[in-house]
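Take a look at the structure below.
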Amino acid sequence: MSFNTEGKSAFVYLDVYEKENRVSHKKVAGILSDRKSAMNGELVWGVVGLNLMKPEEVRAKLLVNSAQSEGAIPLKSVLTNQSEQGSAASEPFKNGKIKLGKRYILQYWNRSENGISISEDFFNKEELAKKDQTIILYLIFK
């Protein structure tokens, strides 16, 4: 995914929620500048594993101007709820415009015994509380 914006930082995070409680917040990759400037770059990310609903690892490589950052996070220990009911989704940039401070969903997984649901606001506490486990991989520019 290519991007062109102005800001001080770009980070990819992986958050894990049990119901509405965030139990893990890990940086996968990130670039930080000491001042606001043009940020022209690419993000390459992917999920390793044969089953999209039970991934083994998430990887990301972030290239901004001449800087780069990459990382990987194993997911086997994170996936505590092994229910067969789940959903996965991603959310692209709308109209190609990047809004600073907005969390852009790269990949979203949720697991629940109550069925599958995808919310308009992936970080909404009431919606998170309806799910047993939610994992959100997202990109944020500041």
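The values are calculated or read from the model by the stated rules, or taken from the named source; none is laboratory data. Because the structure is a prediction, the values reported are computed rather than measured. Virtual Cβ from ideal backbone geometry, glycine too; neighbours counted across all protein chains shown.
So, of the residues in region 79-96 that are charged (D, E, K, R) and loosely packed, with under 14 Cβ neighbours inside 10 Å, which turns out to be modelled with the lowest pLDDT?
Glu84
For Gln107, all conditions in the list (1) at pLDDT 70 or above; (2) more than 16 Å from the chain's Cα centre (by Cα) hold save one; what is the number of the exception?
(2)
Taking region 1-18 only, how many residues are surrounded by 14 or more Cβ atoms within 10 Å (Cβ to Cβ) and under 18 Å from the mean Cα position of the chain (by Cα)?
Of the residues in region 1-18, 11 are surrounded by 14 or more Cβ atoms within 10 Å (Cβ to Cβ) and under 18 Å from the mean Cα position of the chain (by Cα).
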